[in-house]
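Novice: Would you mind keeping the following structure in view while I ask a few things?
The values are calculated or read from the model by the stated rules, or taken from the named source; none is laboratory data. Note that the structure is a prediction, hence the values are computed from the model and not measured. A quick note on method: Cβ atoms are made from the backbone with ideal geometry, for glycine too, and the neighbour counts reach across all protein chains shown. Accessible surface areas use protein heavy atoms only, side chains included; no ligands, DNA or RNA. Shrake-Rupley method; radii C 1.70, N 1.55, O 1.52, S 1.80 Å.
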Amino acid sequence: MKVSTMEKYILLKNKLPEWINMITPTYTIFAPVKEEDLVFFKPITKPSEMTLAYSNAIVPPKAQMFHQTETMFTFTQGKNIRVNPASLPDEKIVVFGIRPCDAKSLSIIDPVFTNDFEDPYYLTKRKNAILVGLSCNQPTVNCFCTSLNGSPASPEHLDILLTDIGDKYYVELNSEKGKQLVEKTKKLFTPATDADSKKKKDVEKKAVDAITRQMKINNVDAFVKKLDTIFDAPYWKTIAMKCLGCGACTYLCPTCHCFDIQDETTLDKGARIRVWDSCMRPEYTLHASGHNPRPERMNRVRNRVYHKYNYYPKNHQMIACVGCGRCIDNCPVNIDIIDVITKAGEVKP
Amino acid sequence: MMQTTQVEVKKKMKKDFEPNIIGFLCNWCSYAGADLAGTSRMQYPPNLKVIRVMCSGRINPIFVINALQQGADGVLIGGCHPGDCHYERGNYLARRRYAILRELLDYVGIDPRRVRMTWVSASEGKKFADVVKEVTDEIRELGPIQQLKRENTW
Amino acid sequence: MVNEKQLRDEVKKLVSRDDVKYVIGYEQGTYGFQVTPSFAFTPEEAERFIFSPLCANNLSVYLMLEEKPPLRKGEKEDTRKVGLVVKGCDARAVVQILQEKGLKRESLVIIGVPCTGVIDPKKITVKFPHQIKPVDVREEGNHYVLTINGKNQKIPKDELLFEKCKQCEYPTPVIHDVLLGDEVKSTKKEEYKEIKTLEKKALKEKWEFWSKAFDRCIRCYACRNVCPLCYCKECIVDQLSPQWIYRSVNRSENTVWNLIRAYHLAGRCSGCGECERACPMNIPLTMLNKKIEKDIKELFQYVAGVNLEEKPLLAMFKPNDTEDTIL
């Protein structure tokens with residue numbers, strides 16, 4: 001799918017609303033919308049509804065592919081039992097203004113929904129979505145994507161990346177999908193010059209330099225292996241002491257993808273639904289027998305770290321963390337993944 | 001002219017609307033009162049669906065909220081008169097819970113008139129019939145509940 | 001504000017005692033204006049303890065979070081005390097837990113801190129969004145003095161204080177074994193201005209306001225877990241049989257969850273505002289709790305978490321309780 005030589009264009013800032021208006025009839029556009037000091041990805045009908053001066057959305061755009069509540073099928077009860085599969089949406093969507101880190105998170109969770117079983121609910125939406133990214137020119141305090149080989153202005157994992165370089169956007173087309181989207185509206189775009197490319201590089205460098213918090217681990221791969229040796233370290237207990245066991249970190253994590261399946265019914269009909277679940281809750285691993293393999297908070301906190309930095313790299317060859325900093329921002333007791341990982345690197349096996 | 005007819009239509013619709021009301025009645029007084037109303041052949045609206053509980057003190061606020069969620073347009077709680085509770089204090093405790101719940105519902109924008117409480121003793125068949133009439137009329141006037149109800153879009 | 005040396009000395013004295021397991025306090029957080037809970041098992045660990053106007057967390061939540069794994073054969077239960085640093089509102093939560101017999105008084109050692117108000121982290125991060133290095137914050141009269149990159153900045157207290165602190169009636173812990181510093185007397189009175197304004201609005205407006213807020217809820221239950229008084233063994237939302245509240249995240253279920261959470265704290269909420277601080281979606285949860293607090297004050301003349309001898313609000317009654325709306 002990826003285009004080998006990336007096409008680069010320029011879109012003037014004042015042309016952006018026009019471009020969005022042109023694609024609105026064909027696509028449902030999800031864009032950052034401000035509400036109560038928070039930014040959400042919401043469907044917009046006109047460009048004025050969105051805000052582009054934002055750091056990142058509070059709920060990651062994974063929610064657009066992997067809905068918090070998803071009806072899998074419906075059924076009727078009683079004598080005439082019938083099962084009706086839920087209709088899968090075929091609407092084409094554009095996620096506009098997605099950050100490179102969040103786009104990476106979608107590539108990270110793709111294997112979960114494709115490897116053993118092709119999950120139709122996630123995949124239909126994923127396939128119908130075009131990711132139009134916006135480079136992160138002003139990373140926030142807790143951004144650390146560069147610690148995990150990411151960049152605030154990387155077009156990787158995106159279909160199109162826009163970078164704000166003053167009065168215009170530097171547009172990089174990174175896939176067929178992205179090319180097609182621009183193709184139809186070609187008249188708004190002009191080819192980028194070398195000066196523009198240089199400008200983009202400068203902007204990127206400035207953003208990278210603005211990321212000051214880093215995980216202090218020398219070698220990521222070695223760290224993944226190191227975790228195998230410190231599984232039983234008392235260290236995990238000390239960080240888990242202050243964990244409250246809420247789900248803020250996992251629900252707002254762009255790579256967390258666990259769900260629970262439940263039946264919701266009335267007297268004569270019902271639906272099987274799937275909802276986000278969080279491994280920070282004791283119920284998550286509770287067996288019907290009453291046995292709980294992760295009985296203590298320590299087990300659960302450790303599992304969150306291990307799943308992202310040890311199990312996932314072993315299974316899918318990638319770290320399941322993109323460095324967006326949401327879990328740090330939203331933890332009520334300041335459990336800070338940068339700090340947790342840095343200190344875990346210092347623990348003696 | 002046009003407007004008046006619209007108002008009339010609306011009024012008529014409200015009249016046609018038959019509310020669903022859930023009654024949580026205590027075993028010892030209100031339920032017996034309802035029984036008496038029935039055996040005395042008193043007429044009262046059939047909109048009330050009764051759930052018998054042992055005591056009004058048994059009623060958890062989630063019962064009330066859940067009833068509204070599942071499609072009830074109103075809830076009536078019936079208990080013994082103060083001082084008459086079979087368990088001495090159950091109705092007093094229910095009274096406190098009810099007062100707080102009503103205020104809370106009002107505060108989030110759910111009409112508190114949808115949740116009512118009454119004291120009916122085992123001998124007050126007439127009062128029971130009157131209360132049910134009053135509550136049903138009031139909730140009919142309010143119309144179907146718009147908030148809280150589960151959409152069950154599936 | 002509290003002399004930190006005095007605090008550390010007190011904690012050191014406590015953890016050296018044989019009958020004290022550990023002491024819960026605050027330490028410097030990992031970035032910016034963060035302060036994080038800290039557990040001192042040894043006198044050395046007590047060196048980390050701090051107390052500043054940034055110490056917003058209500059640490060009494062950890063009393064009920066303590067995990068007690070099943071005892072092995074021959075093992076005896078650890079009955080040593082737990083020490084705790086409390087502010088005024090935190091102490092009320094402790095009183096409430098004791099009143100409900102959630103804990104025994106003799107299992108606690110309470111270090112009271114007379115509180116002059118704490119800073120709302122949301123307000124301060126709006127002012128200094130890019131602050132990464134820890135900042136020293138001191139209180140001087142009606143101002144906070146922040147030392148950022150060696151420079152002092154003076155900010156009026158009112159701009160940074162939590163709303164709850166502006167109307168706090170119990171700044172000195174109502175329960176304590178040790179009190180650090182002098183008692184702070186409050187002349188403030190909770191007036192529930194915001195609540196009263198909302199109450200007066202039409203039902204439709206009120207529903208619009210709340211449904212918009214509840215629509216944002218992602219049901220992470222941070223509000224529940226951060227609350228010192230939400231300590232049911234099994235929360236009503238986790239219950240499966242009967243399942244009162246469905247797991248679906250939609251307006252109906254979200255509303256019910258938020259109403260029931262607030263209701264379960266009726267007459268118990270100490271007003272520490274942790275639920276709202278923890279909420280990632282900025283739902284004004286204290287406005288629900290405060291509403292109930294106001295009602296019970298008016299209806300039953302009851303204030304939660306002030307008197308250890310009193311019975312819980314919903315476990316008692318007065319024969320002349322309100323009957324206004326009863327048919």
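Novice: What are the pairs with Cβ atoms under 7 angstrom where one residue, in segment C:270-287, is under 22 Å from C:Val303 (Cα atoms) and within 9 Å of chain A (Cβ to nearest Cβ) and the other, located anywhere, is β-branched (Val, Ile, Thr) and in a loop (DSSP other than H, G, I, E, B)? Sequence gap at least six, or different chains.
Specialist: So the pair list comes out as C:Glu274/C:Val226.
Novice: Do the conditions hold for A:Cys246, that is, is it facing chain C (nearest Cβ under 10 Å), open to solvent by less than 40 Å² (accessible area, probe 1.4 Å) and part of a loop (DSSP other than H, G, I, E, B)?
Specialist: For A:Cys246, the condition - facing chain C (nearest Cβ under 10 Å), open to solvent by less than 40 Å² (accessible area, probe 1.4 Å) and part of a loop (DSSP other than H, G, I, E, B) - is met.
Novice: Of all the residues that make up segment C:175-212, how many are under 30 Å from C:Lys104 (Cβ atoms), open to solvent by less than 60 Å² (accessible area, probe 1.4 Å) and out of contact with any Cys (no Cβ under 9 Å at 6 or more places or on another chain)?
Specialist: Selection size over segment C:175-212: 5.
Novice: Right, another one. Which one is farthest from the chain's Cα centre (by Cα) among residues in segment A:253-277 that are buried (at least 24 other Cβ atoms within 10 Å of the Cβ) and more than 14 Å from chain B (Cβ to nearest Cβ)?
Specialist: Per the criteria, the residue is A:Trp276.
Novice: State the number of residues belonging to segment A:50-68 that are out of contact with any helix residue (DSSP H, G or I) (no Cβ under 9 Å at 6 or more places or on another chain) and surrounded by 15 or more Cβ atoms within 10 Å (Cβ to Cβ). I'd like the intermediate steps shown before the answer.
Specialist: So the first thing to find is which residues in segment A:50-68 are out of contact with any helix residue (DSSP H, G or I) (no Cβ under 9 Å at 6 or more places or on another chain), and the list is A:51, A:53-55, A:63.
Within this subset, residues satisfying the condition of being surrounded by 15 or more Cβ atoms within 10 Å (Cβ to Cβ) are A:54-55, A:63.
Final tally of qualifying residues: 3.
Novice: Follow-up question, since we're still on this one. Having 2 or more residues that are surrounded by fewer than 19 Cβ atoms within 10 Å (Cβ to Cβ) and of a type outside the set (Lys, Arg) is the bar; report the strands (runs of 3 or more DSSP E) wholly within segment B:18-137 that clear it.
Specialist: By residue number, B:48-53.
Novice: Of the residues that sit in segment A:314-339 and are of a type in the set (Val, Ile, Thr) and more than 9 Å from chain C (Cβ to nearest Cβ), which one is most open to solvent (accessible area, probe 1.4 Å)?
Specialist: A:Ile319
Novice: If you don't mind, there's one more thing I want to ask. Note down all Cβ pairs under 9 Å where the first residue falls in segment B:85-112 and is within 27 Å of C:Lys196 (Cβ to Cβ) and facing chain C (nearest Cβ under 8 Å), the second is part of a loop (DSSP other than H, G, I, E, B) and among the aromatic types (Phe, Trp, Tyr), and they're at least six residues apart or on different chains.
Specialist: Filtered contacts from segment B:85-112: B:Arg95/C:Phe317; B:Arg96/C:Phe317.
Novice: Here's a follow-up. Consider C:Phe300 carefully, then state whether it is among the hydrophobic types (A, V, I, L, M, F, W, C), over 27 Å from B:Gln147 (Cα atoms), within 12 Å of chain B (Cβ to nearest Cβ) and open to solvent by 50 Å² or more (accessible area, probe 1.4 Å).
Specialist: Spelling it out, it is not the case that C:Phe300 is among the hydrophobic types (A, V, I, L, M, F, W, C), over 27 Å from B:Gln147 (Cα atoms), within 12 Å of chain B (Cβ to nearest Cβ) and open to solvent by 50 Å² or more (accessible area, probe 1.4 Å).
Novice: Name the single residue that is nearest to the other protein chains (Cβ to nearest Cβ) among those in segment A:25-45 being in contact (Cβ under 8 Å) with a residue 24 or more places away in the chain and closer than 19 Å to A:Lys184 by Cα.
Specialist: A:Thr28
Novice: Follow-up. Out of A:Thr265, A:Thr285, report the one residue that is among the hydroxyl-bearing types (Ser, Thr, Tyr) and within 19 Å of A:Tyr251 (Cα to Cα).
Specialist: A:Thr285
Novice: Tell me yes or no: at least one residue of segment C:204-213 is of a type in the set (A, V, I, L, M), in the same structural domain as C:Asn57 (by TED's automatic domain parsing) and in contact (Cβ under 8 Å) with a residue 24 or more places away in the chain.
Specialist: No: segment C:204-213 contains no residue that is of a type in the set (A, V, I, L, M), in the same structural domain as C:Asn57 (by TED's automatic domain parsing) and in contact (Cβ under 8 Å) with a residue 24 or more places away in the chain.
Novice: How about segment B:57-80: which of its residues are among the small types (Gly, Ala, Ser) and within 13 Å of B:Leu148 (Cα to Cα)?
Specialist: Matches in segment B:57-80: B:Ala67, B:Gly71, B:Ala72, B:Gly74.
Novice: Just checking, how many residues over segment C:246-269 are assigned to a loop (DSSP other than H, G, I, E, B) and within 11 Å of chain A (Cβ to nearest Cβ)?
Specialist: Taking segment C:246-269 as the starting set, the residues that turn out to be assigned to a loop (DSSP other than H, G, I, E, B) are C:246-250, C:265-269.
Of the ones still in play, those that are also within 11 Å of chain A (Cβ to nearest Cβ) are C:246-250.
Going through segment C:246-269 one residue at a time, the tally reaches 5.
Novice: Give segment C:200-241 a look and list any residue that's touching a helix residue (DSSP H, G or I) at 6+ places or on another chain (Cβ under 9 Å), within 17 Å of B:Pro61 (Cα to Cα) and within 11 Å of chain B (Cβ to nearest Cβ), or say none.
Specialist: Passing the criteria: C:Ile236, C:Val237.
Novice: Might you let me know whether segment C:237-244 holds any residue that is out of contact with any Leu (no Cβ under 6 Å at 6 or more places or on another chain), charged (D, E, K, R) and either closer than 25 Å to A:Ile261 by Cβ or buried (at least 19 other Cβ atoms within 10 Å of the Cβ) (or both)?
Specialist: yes
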